[in-house]
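Please read the structure below before turning to the comments.
Computed from the coordinates by the stated procedures, all read-outs in this text should not be read as laboratory data. Remember, predicted model here, so these are calculated numbers, not experimental data. Cβ placement follows ideal geometry from the backbone for every residue including glycine, while neighbour counts extend to all protein chains displayed.
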Amino acid sequence: MSFDLVLAGVGGQGVLSIAWVLDHAAHAEGWRVKQSEVHGMAQRGGAVSACVRLSRQPVASDLIATGTAALVVAVEPLEALRYTTLLRPDGALVTDVTPLVNIDHYPDQAALLQVLFGAPHLVALDATRLAQAAGTPKAQNTVVLGAASPLLPLPQAALEAQLQALFQAKGDRIVQANLRAFRIGRAASLFVHALRDAGVPGDRIAQVSSRLAFGAEPVADDTLRAWVGCLNGPQGQAAAQRLFAATALVSPTELPLPP
Amino acid sequence: MDMPADPATLADEQILLGDEAVARGAVDAGISAAYAYPGTPSTEIFQTIQDQARERGLPIRGLWSSNEKVALEEGAGVSYAGRRALVSMKHVGLNVAADPFMNLGVSGAHGGLVLVVADDPSMHSSQNEQDSRFFADFAMVPCLEPGDQQQCYDFTREAFELSERLQTPVMLRLVTRLAHSRAAVRPAPRREPGPPCWVPDPDRFTLVPAHARRAYAALVDKQPALRAWSEAHAVNRLQISGQGRPGILVSGIGWNYLVEALGEPRLAGFNVLRIGAYPLPVDRIRQLLDASSEVTVVEEGYPFIERQVAALGLLREPRIVGRLTGALPRMGELGPDAIKRCFGVPVAAALQLPGLAQVLAPRPPRLCDKCPHTDAYIALHEAIAEGAGDVRVMGDIGCYSLGALEPLRAIHSCLCMGASIGMAIGAAHAGMSPALCVIGDGTFTHSGMAPLLDAVRDNTNIKVFILDNAIVAMTGGQPAQASDEQLVELVAGLGVPRDRIRLVEPTHHKNAQTVAVIREELAHVGLSVIIARRACVTYAREIKALRRGAAA
């Protein structure tokens, strides 16, 4: 049994911190771990990635082969797309949708998200704003990790324990903010998966999940059912588009009214 | 099998980078000192040694040395005094240290002396992908090439034993994907360092011709013992699956990709020789060739083994293929996909996203927001814009090398550490005016002082810009050897007249003043040094801490 994932982001976005949490959580759970990462010149605002490989057997390669990763976890949407060639055809993408524009030729954002939202197994969320709500904008990476957590072969408690270990030295406020950020991300991911299980089209889910201000508690079942009804209904596509176009984050309990 | 790991094992294990595992291995081997010059992918080795010494309260001396040559010479001194030293650098750093390295092979070591060199195939953070195994071979010293993080630890410890047993420096060769990859490592108990002691007969350390000839003869005589060590080494493992089967000769991290790409069952159909210790185990290679229909050489870096084993294709051996013949890519790092293609294993189908190619813009590294280098380049650009036509600026190595890229395009050469000043002197001698160069404070003390001394003696008409950001930023914020007033004194001490040492503060706000100063110096015929002094924004906290430390 093995599980390969790629972490992606831009230098300074905390990609290697996510890797640290995953490594230590997996090791504590008895997995063999290999994790390669990028240091040096690329860290100056360039694309940064890490390959994390978990297995019950010894792990051979430090790099992931094309078409073999189960998951890409990204802190930035363009970076999420950069590593999709490593994904299996049924692989999943978890990403923040807020672009970090530090290059002159950053692609048209609408076109970028359209390509992204075409991914068959996507968890898209606004980790940047959700982290602010959690108490520290720096926890953007932790929100994304939380959103990836239901897809990982690791228990929530093991990941949270390593988050605590990582941030312990920064004091209780930062630890609590990160735990909150993690749970917010996880709630978003559970919401997305519930809608997918109910047959809601992927692009509608992505448009909605990118605009919801998730809380640390999972979205309540009756609210979930209402969203499924709305998005699978005749006005579902229009409602998702409207919510997405409005750009504001809204509470999951505020379902769009029919126009 | 899905077996829970033994908790006792887990507690002993630590998840370490290859670099960190080397550092732990050196500390546990009982080093008394460590020296390094920062350079990706080797930097974390010395950092970890410093951390370990502090956390474990160990009396390990050492420095971020002024450059790699000095680092290796400091290590040689420790070895000469009978104690163990680890010296670490990146591959191109060994070019700087080549002089002591080649001669240390001849003089031999006394206390264990291990040189870790981290190669950078694919040039993730380097200007070439040279393979340090050639240097080990050139100097006739043994080389260990770990393939995983545990071997990084174990081989480092073994390298010290070998160094003392055969009285030779030992090279440990890493590559980026090992240096910067993590896995669980189990350390062993630490060996206490021994007391310092001089070697009884110092002749072999005094390489005047009469002694050098004897020492070189001793080095040549040592080779059979090194070969015997390599032939017997467990890492150089030969598995013959059957006469006439295809063979694979694989070294270092290449093994990992091979297992990943082919899988153990398929690999069992090949004759396989793994290599992790050099000089090459020639007898075992002979056995592999004799047993195999053809041999594919899988090695990370240059085709070092392939070139020797195939004797450039001159001998009538079984077909030997690899990076030289095009069976594997000649350039860049290997990976599981390259191995799959080489052995005809299909590369797995991947997720296809419609429209991906249209939006997938590259994101190269860039200077940070508010970086002082950007303002320095903008001012320089403005000052020379009005001048005569086609002006080229000789650049150097550091974050400011990124000034070569769009949108700044501010420097027009980047060769090796410290080259900018010498190249500007050459350009001036060739008749170019103005002849300009840009060098950082860290690179200046690494290897920029000697060429500046040349310019002083010659009063060459060059304009030297020293970008003093008070730290070695590119590699993660190591202390600069001289910045602020110390740097001014250093430049003056080399003989640059005080009135030709100009200080500017590269900010948007003071751009006009900076441009004016540059223009004044462009108008002066002769050597000028313009120091653009503004602390790095990214490592502001580290700089503050360093200044506090210096003041205390």
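Over every pair of different alpha-carbon atoms in the range A:7-50, take the mean of 1/r and invert it; report that Kirkwood radius in Å.
That comes to 10.9 Å for the range A:7-50.
Contact order normalised by length for the range B:278-321, with contacts defined as Cα pairs under 8 Å and 6 or more residues apart; what percent is it?
46 percent
Based on the mean of other beta carbon atoms within 10 Å per residue, what is the order of B:129-139, B:449-459, B:48-58, most packed first? Intermediate values should be presented prior to the final figure.
Working: B:129-139: 21.1, B:449-459: 17.1, B:48-58: 15.4.
Top of the packing list down: B:129-139, B:449-459, B:48-58.
Roughly what angle does helix B:449-458 make with the longest principal axis of chain B, taking Cα atoms, 0 to 90 degrees, to the nearest 10?
On a 0 to 90 degree scale, this one is about 40.
Using only the Cα atoms, work out Rg/Rh for the range B:313-390, with Rh taken as the Kirkwood radius, to two decimals.
Answer for the range B:313-390: 1.28.
Under 5 Å between amide hydrogens, which residues at least 5 positions from A:VAL123 or on another chain qualify, with H placed 1.01 Å from N in the peptide plane?
Amide H neighbours of A:VAL123, under 5 Å, 5+ apart: A:LEU93, A:VAL94, A:THR95.
Taking only Cα atoms of the range B:207-347, what ratio of Rg to Rh do you get with Rh as the Kirkwood inverse-distance radius? Provide the component values of the computation, followed by the final result.
On the way: Rg = 16.9 Å, Rh = 16.0 Å.
Ratio value, two decimals: 1.05.
Within 10 Å of each Cβ in peptide B:361-371, how many partner chain Cβ atoms are there on average? Round it to a whole number, please.
Whole-number average of other-chain Cβ neighbours for B:361-371 is 6.
Taking θ as phi - 60°, what are the ³J(HN,Hα) couplings along the range A:114-128 by the Karplus curve (6.51, -1.76, 1.60), each to the nearest whole Hz, with x for Gly and Pro?
5, 5, 4, 6, x, 5, x, 10, 10, 10, 10, 8, 8, 5, 4
Taking K and R as +1 and D and E as -1, what net charge do the other residues with C-beta under 12 Å from the C-beta of A:THR253 add up to?
In short, -3.
Whole percent per 10 Å bin, from 0 to the bin with the longest distance: what is P(r) over all C-alpha pairs of the range B:87-215?
12, 39, 32, 14, 2
Using the number of other C-beta atoms within 10 angstrom as an exposure proxy, rank B:HIS381, B:HIS91, A:HIS27 with the fewest first.
On the way: B:HIS381 17, B:HIS91 26, A:HIS27 22.
Neighbour counts put them in this order, fewest first: B:HIS381, A:HIS27, B:HIS91.
Could I have the simple spin-label model distance between B:LEU312 and B:ALA545, label points 7 Å from Cα toward Cβ, reported in nm to one decimal?
5.3 nm
Starting from a Cα-only point model with no solvent, please compute log10 I(q)/I(0) by Debye for the range A:1-90 at q = 0.22, 0.23 1/Å.
-1.07, -1.15
Hey, got the Cα dimensions of the protein assembly as shown along the principal axes, in Å, largest first?
Between the extreme Cα coordinates on each principal axis of the protein assembly as shown lie 96, 77, 53 Å.
So, in Å, what gap is there between the alpha-carbon centers of the range A:26-99 and the range A:104-137?
17 Å
How would the range B:151-243 be classified by its alpha-carbon gyration tensor: rounded, prolate or oblate, with rounded meaning a/c under 1.5 and the a/b versus b/c comparison settling the rest?
Judged from the Cα gyration tensor, the range B:151-243 comes out oblate (a/c at least 1.5, b/c at or above a/b).
If you take the beta carbon distance between A:ALA226 and B:GLN513 as r and set R0 to 51 Å, what does 1/(1 + (r/R0)^6) give as a FRET efficiency, to the nearest 0.05?
Between A:ALA226 and B:GLN513 the formula returns 0.20.
With only alpha-carbon atoms counted, please give the Rg and Dmax of the range B:290-343, in Å.
That works out to 10.9, 31 Å for Rg and Dmax.
Take the Cα pairs of the range B:63-114, get the Kirkwood Rh, then feed it into Stokes-Einstein at 20 °C and 1.002 mPa s and tell me D in µm²/s. Could the numbers behind the result be given before it?
Details: Rh = 10.7 Å.
Translational D for this selection: 200 µm²/s.
Do me a favour and compute the ellipsoid semi-axes for chain B from its Cα gyration tensor, root of five times each eigenvalue, largest one first, whole Å.
Those come to 44, 29, 24 Å.
Based on a Kirkwood Rh over C-alpha pairs, give the Stokes-Einstein translational diffusion coefficient of the range B:46-88 at 20 °C and viscosity 1.002 mPa s in µm²/s.
196 µm²/s
For the range A:158-208 and the range A:220-254, what is the centre-to-centre distance using only Cα atoms, to the nearest Å?
Computed from Cα coordinates, the inter-centre distance equals 20 Å.
As a test of the definition: which semi-axes, in Å, follow for chain A when you take the square root of five times each eigenvalue of its alpha carbon gyration tensor? Largest first, please.
28, 20, 18
Tell me the label-point distance for the pair B:GLU505, B:ARG61, using the 7 Å Cα-to-Cβ offset, in nm and rounded to one decimal.
Calculated label separation equals 4.1 nm.
How many lysine pairs are close in the protein assembly as shown, with Cα atoms under 22 Å apart and the two 8 or more places apart or on different chains?
Lysine pair count for the protein assembly as shown: 8.
Return the ratio Rg/(2.2 N^0.38 Å) for the range A:43-102, where Rg is computed over Cα atoms only. Working shown, then result.
Numbers: Rg = 12.7 Å, N = 60, 2.2 N^0.38 = 10.4 Å.
In units of the 2.2 N^0.38 Å rule of thumb, it is 1.21.
Quick one: what are the phi-derived ³J(HN,Hα) couplings along the range A:133-144, Karplus 6.51/-1.76/1.60 with θ = phi - 60°, whole Hz, x for glycine and proline?
Along the range A:133-144, the couplings run 5, 6, x, 7, x, 5, 7, 3, 5, 5, 4, 5 Hz.
Please find the FRET efficiency linking A:THR85 to A:LEU249, where r is the Cβ-Cβ separation and R0 is fixed at 35 Å, and quote it to the nearest 0.05.
0.65
List the residues, sorted by chain then number, that are 5 or more residues from B:THR296 or on another chain and whose placed amide H is less than 5 Å from its amide H.
It is B:GLY247, B:ILE248, B:LEU249, B:VAL321, by chain and number.
Between B:SER241 and A:VAL101, take the C-beta separation as r, use R0 = 51 Å, and let me know the FRET efficiency to the nearest 0.05. All intermediate terms of the calculation are to be shown ahead of the outcome.
Details: r = 55 Å, r/R0 = 1.08.
Working from the Cβ atoms, E equals 0.40.
Taking the number of other C-beta atoms within 10 Å as the exposure measure, put B:SER401, B:SER66, B:SER251 in order starting with the fewest.
Listed from fewest to most nearby Cβ atoms, that is B:SER66, B:SER401, B:SER251.
Sort B:SER163, B:SER125 so that the residue with the fewest other Cβ atoms within 10 Å of its own Cβ comes first and the one with the most comes last. Could the numbers behind the result be given before it?
Values: B:SER163 26, B:SER125 21.
Result, fewest neighbours first: B:SER125, B:SER163.
Give me the Kirkwood hydrodynamic radius of the range B:367-444 in Å, from all C-alpha pairs, to one decimal place?
Evaluated on the range B:367-444, it is 12.7 Å.
Provide the per-residue ³J(HN,Hα) series for the range B:121-134, in order, calculated from phi with Karplus coefficients 6.51, -1.76, 1.60 and θ = phi - 60°, each as a whole number of Hz, with x at glycine and proline positions.
x, 6, 6, 4, 9, 8, 9, 8, 10, 4, 10, 5, 4, 4
Taking 8 Å as the Cα distance limit and 6 or more residues as the minimum spacing, I'd like the relative contact order of chain B as a percentage.
Rounded, it is 11 percent for chain B.
Taking only Cα atoms, what is the 0 to 90° angle, nearest 10, from helix B:282-291's long axis to the longest principal axis of chain B?
Approximately 60 degrees, to the nearest ten.
List the residues, sorted by chain then number, that are 5 or more residues from B:VAL116 or on another chain and whose placed amide H is less than 5 Å from its amide H.
Answer set, sorted by chain and number: B:VAL87, B:SER88, B:MET89, B:LEU172.
Summarise the partner chain shielding of A:28-37 as one whole number: the mean count of Cβ atoms from other chains within 10 Å of each residue's Cβ.
Mean shielding count: 5.
Working from the alpha-carbon coordinates of the range B:444-517, get Rg over Rh, Rh being the Kirkwood radius. Write down the numbers at each step before the final one.
Values: Rg = 13.4 Å, Rh = 13.6 Å.
Rg/Rh for the range B:444-517 comes to 0.98.
For the range A:74-151, what is the largest minus smallest coordinate of the Cα atoms on each principal axis, given in angstrom and ordered from greatest to least?
35, 34, 17
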